[in-house]
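Peer 1: Before I ask anything, let me first share the structure, which is written out below as structure tokens.
The values are calculated or read from the model by the stated rules, or taken from the named source; none is laboratory data. Being a predicted model, the structure only gives us computed values, none of them experimental. Cβ sites come from the backbone with ideal geometry, for glycine too, and all protein chains shown count toward neighbours. What goes into the accessible areas is simple: the full protein's heavy atoms, side chains included, and nothing from ligands, DNA or RNA. Shrake-Rupley method; radii C 1.70, N 1.55, O 1.52, S 1.80 Å.
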Amino acid sequence: MSILVIAEPSTGDVKKPTLTTLGAAAKIGGTADVLVLGQGVAAAADATAKVAGVGTVLVADAAEYAHALAENVAPLVAAAVKAGGYGHVLFAATTFGKNVAPRVAALLDVQPISEISAVVSADTFERPIYAGNAVATVQSADAVKVVTVRGTAFEAVAATGGSGSVTALAATGEAGLSSFVSAELTKSERPELTSARVIVSGGRGMQSGDNFHMLDTLADKLGAAVGASRAAVDAGFVPNDYQVGQTGKIVAPELYIAVGISGAIQHLAGMKDSKVIVAINKDEEAPIFQIADYGLVADLFKAVPELTEAVSK
Amino acid sequence: MKILVAVKRVVDYNVKIRVKPDNTGVELANVKMSMNPFDEIAVEEAVRLKEKGAATEIVVVSIGPASAQETIRTALAMGADRGILVQTDAEVQPLAVAKTLKTLVEKEQPQLVILGKQAIDDDSNQTGQMLAALLGWAQGTFASKVEPAAGTVAVTREVDGGLETLSLKLPAIVTADLRLNEPRYASLPNIMKAKKKPIETIDPAALGADFTPRLKTLKVTEPPKRQGGVKVGSVQELVAKLRDEARVI
Ligand SMILES: Cc1cc2nc3c(=O)[nH]c(=O)nc-3n(C[C@H](O)[C@H](O)[C@H](O)COP(=O)(O)OP(=O)(O)OC[C@H]3O[C@@H](n4cnc5c(N)ncnc54)[C@H](O)[C@@H]3O)c2cc1C
Ligand SMILES: Cc1cc2nc3c(=O)[nH]c(=O)nc-3n(C[C@H](O)[C@H](O)[C@H](O)COP(=O)(O)OP(=O)(O)OC[C@H]3O[C@@H](n4cnc5c(N)ncnc54)[C@H](O)[C@@H]3O)c2cc1C
């Protein structure tokens, strides 16, 4: 039976979460078709057809999908699954996927499987529970498996080399339940948190939003993204989309530098799979040091400018 | 407007959980239990809407063991009006929770149902979305602001790129994110008052609920442990290690 991957909304290139979700599909095995939805998505559909290993690209291009509202998208996906006889429906565990996947699952009367971190077999998956302090192996008894995929746990497939076909899908109409009002998106020249090679993250120890500029400067030198703890977001130092952790973004860069972050389990849940972790904290007892590869006990207001200078050389 | 809030009893967020040696689950005996933190935020939002005059009655629902009464009492002490406990010792998965809540919604006829965005034990982040689908209602998930108007509610959502505001037709489902509000601590007089508020206990069979799990937990294991590393003495030493040993910069 084949797999339907729901692409992360895009009007241009294929988003990284779609590529990692296809990586998970490859572990399940069989052909993977991709559903591209939105308004004005012809270019995105063509780009998706070039992704390695993609079978058919189903395109739903209509005004009602412009803002990927769950009320409009879920019936479309459910109809596509029924028409195509798919055995698996995969979403990336982004806010789009987390919002829509359970709604699709309920329409199909199946119990979804959230944030899988490994594929054991076609019906059995591993998923972290309790903020990643335990890993559950779960087996689904449902005919269709509706799954969200943790991006850090799977290899992205290549964005090129494929030769999929593109087929238009009939739109399912406007549900008339919700409408888009506005968006306040964080603009940044830096890489996205979930795909950055290096992340510099600040916590309550930063003391203010202004002080975060210190981390921006360091990040620019390293080609890094900037993240934060919940405490820093709650205090209004940085916007919500900076939050790393159990209930924020899950990241696994090659290098994660935690500055003025104590290392609460909810924060560790979001970054402990990073390859190399550096902690800068003035409290030598801070729990973050228990998982850091390199710990520096120092005042961050002295250490961060020094570090910025040292990496520039 | 009547509001229904769903609350779940979970292991307290401060507890460092342990996996059982036989790998059947997580040690829950003698562990401190509390209301799921996101559900406290959901209750607080309902209470604030009532204080602002936007809501008339708040009904709190939990599906779980007899001890979930305590969780409901906590919500009543925060300002909810009455509670419903669908009592079961079975482990109830989100689809079954959503179906049970749907039956209660049809009975209670609220205009707004507020849930937590995720429960911090199973981290599913599913129930609200599924309830919305089953009812054919709009959903405002990961909410950081909720503003009811005539026949609609504006919900600002925390999304990967920042914030997004949607207008939802009422009745609707909202799931609470961390920054929606800061929940209050119940005062002693309110805790006393809450003891007199009614909690109705319902047998799941009376609702026609089917809790048969669709997902079977085969085993629960410890994640690989991360080894702590070394402390470095200076920024220079740190940079040298990152360049020559770890080779990440
Ligand atoms: C339901 C729930 C969900 C949560 N989800 C998340 C989540 O997703 N992500 C998350 O991060 N948290 C989350 N939390 C919060 C978490 O429990 C912690 O409260 C939070 O991570 C603490 O942030 P912090 O480390 O920045 O602050 P603190 O714990 O206050 O630590 C600040 C650190 O800065 C150090 N410091 C201060 N000044 C300096 C200086 N001048 N130089 C060097 N070091 C300094 C201090 O020594 C201290 O270690 C959640 C909590 C709950 C209840
Ligand atoms: C190790 C482990 C093994 C398990 N094994 C099994 C098993 O074999 N079979 C089985 O059936 N279950 C099992 N469970 C329990 C079950 O999977 C979870 O309780 C269920 O998945 C609920 O997920 P969630 O709370 O994360 O839902 P979420 O969708 O994250 O919850 C979101 C919101 O929904 C509301 N909500 C959720 N649950 C309730 C409730 N009970 N009452 C009122 N409101 C609620 C709350 O507002 C909550 O904030 C297991 C759990 C664990 C941790």
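Peer 1: Would you mention how many residues in region B:203-249 are within 41 Å of the chain's Cα centre (by Cα), facing chain A (nearest Cβ under 9 Å), surrounded by 12 or more Cβ atoms within 10 Å (Cβ to Cβ) and not in a strand (DSSP E or B)?
Peer 2: 10
Peer 1: Looking only at region B:19-40, count every residue that is among the charged types (D, E, K, R), open to solvent by 20 Å² or more (accessible area, probe 1.4 Å) and within 14 Å of ligand 1 (Cβ to nearest atom) and tell me the total.
Peer 2: Residues that pass the stated criteria total 2.
Peer 1: Could you grab the pairs with beta carbons closer than 8 Å, sequence gap of 6+ or different chains, first residue in region A:197-219 and more than 26 Å from B:ALA246 (Cβ to Cβ) and within 11 Å of ligand 1 (Cβ to nearest atom), second one open to solvent by less than 10 Å² (accessible area, probe 1.4 Å) and among the hydrophobic types (A, V, I, L, M, F, W, C)?
Peer 2: If the second residue must be open to solvent by less than 10 Å² (accessible area, probe 1.4 Å) and among the hydrophobic types (A, V, I, L, M, F, W, C), the pairs left are A:ARG204/A:ALA232; A:ARG204/A:ILE261.
Peer 1: If you don't mind, another one. In region B:216-240, which residues are more than 19 Å from A:LYS302 (Cβ to Cβ) and in contact with a strand residue (DSSP E or B) (Cβ under 7 Å, 6 or more places away or on another chain)?
Peer 2: Those that are more than 19 Å from A:LYS302 (Cβ to Cβ) and in contact with a strand residue (DSSP E or B) (Cβ under 7 Å, 6 or more places away or on another chain): B:LYS216, B:THR217, B:LEU218, B:LYS219, B:VAL220, B:THR221, B:GLU222, B:PRO223, B:GLY229, B:VAL230.
Peer 1: Further, regarding this structure: Could you list, in sequence order, the residues of region B:111-126 that are more than 11 Å from A:ALA105 (Cα to Cα) and within 8 Å of chain A (Cβ to nearest Cβ)?
Peer 2: Listed by number, the residues that qualify are B:LYS117, B:GLN118, B:ILE120, B:ASP121, B:ASP122, B:ASP123, B:SER124, B:ASN125.
Peer 1: In region A:177-206, which residue that is of a type in the set (Gly, Ala, Ser) and closer than 30 Å to A:THR56 by Cβ is least open to solvent (accessible area, probe 1.4 Å)?
Peer 2: Per the criteria, the residue is A:SER178.
Peer 1: Shifting gears a bit: Restricting to strands (runs of 3 or more DSSP E) lying wholly in region A:237-298: which have 1 or more residues that are of a type in the set (A, V, I, L, M), near ligand 1 (Cβ under 9 Å from one of its atoms) and within 22 Å of the chain's Cα centre (by Cα)?
Peer 2: Where strands (runs of 3 or more DSSP E) fall fully within region A:237-298 and carry at least 1 residues being of a type in the set (A, V, I, L, M), near ligand 1 (Cβ under 9 Å from one of its atoms) and within 22 Å of the chain's Cα centre (by Cα), they are A:255-259.
Peer 1: Still on this structure: Select from region B:68-125 the residues that are polar (S, T, N, Q) and within 16 Å of ligand 1 (Cβ to nearest atom) and list them in ascending order.
Peer 2: B:THR71, B:THR74, B:GLN118, B:SER124, B:ASN125
Peer 1: Name the residues in region A:119-131 that are touching a residue at least 40 places away in the same chain (Cβ under 8 Å) and within 18 Å of A:ILE3 (Cβ to Cβ), would you?
Peer 2: Across region A:119-131, the qualifying residues are A:VAL119, A:ALA122.
Peer 1: Here are B:VAL146, B:VAL155, B:VAL174: which of them is open to solvent by less than 10 Å² (accessible area, probe 1.4 Å), within 12 Å of ligand 2 (Cβ to nearest atom) and not small (Gly, Ala, Ser)?
Peer 2: B:VAL174
Peer 1: Looking at (1) closer than 22 Å to B:ALA132 by Cβ; (2) within 16 Å of ligand 1 (Cβ to nearest atom); (3) surrounded by fewer than 21 Cβ atoms within 10 Å (Cβ to Cβ), which is the only condition B:LYS16 fails?
Peer 2: (1)
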